[in-house]
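So the structure is just underneath, and the comments pick up after that.
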Amino acid sequence: MASRIAVLAAVALQLGCYNYAPLRRSELVPATYLAVVLTETGSEELAPYIGPNILVLRGRFLSAGDRGFNLSVDGVENKRGDAIAWNGETVMVPASFVRSLEERHGAAGKTILLAGAGLAGFFVAYAAFGPGTSTTTSLGGGGSPSPR
């Protein structure tokens, strides 16, 4: 049982919860996970590449150049708030199309709360249903013959 609890805690910490904090372009470091909020013009101009009405690009910063910066996109969010998953495609985002940059940071408090809720749920389910059965029953074969 202790190993199950350790596995649940490890999974909760891996999934975790995140907060986004504002970031200046001068602070960009490769592999930083970013949320790039686009301007209205940026959303319209990039629509052929990222889809219509996209407001936020989320992914890893790859590099910066004269034309803008490259982002390995994991997902986008449209203006209605719908999240759409991507598979790490690289998108070049001109600097003039960026309203703001935000860096993702782990949120320890939220993660601990999530892990605690998961563990509480586990214990409630365990108390309600018990450890289960580990015995097996044989359906014939072996044993004494039935009386006639």
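The values are calculated or read from the model by the stated rules, or taken from the named source; none is laboratory data. Just so it is clear, the structure is predicted and the values come from calculations on it, not from any experiment. We place every Cβ from the backbone using ideal geometry, glycine too, and count neighbours over all the protein chains shown.
Points worth noting:
- Failed criterion for Gly42 (all others in (1) at pLDDT 95 or above; (2) over 15 Å from Trp86 (Cα atoms); (3) in a strand (DSSP E or B) hold): (3)
- Some residue of the stretch 76-83 being at positive phi and either modelled with pLDDT of 95 or more or not assigned by TED's automatic domain parsing to the domain that holds Gly118 (or both): yes
- Residue pairs whose Cβ atoms lie under 9 Å apart, separated by 6 or more positions or on different chains, with the first residue in the stretch 55-75 and assigned by TED's automatic domain parsing to the domain that holds Tyr33 and under 10 Å from Pro94 (Cα atoms) and the second of a type in the set (Phe, Trp, Tyr) and at pLDDT 95 or above, are Gly68/Phe97.
- Among the residues of the stretch 57-69, not a single one is modelled with pLDDT under 95, in a helix (DSSP H, G or I) and not hydroxyl-bearing (Ser, Thr, Tyr).
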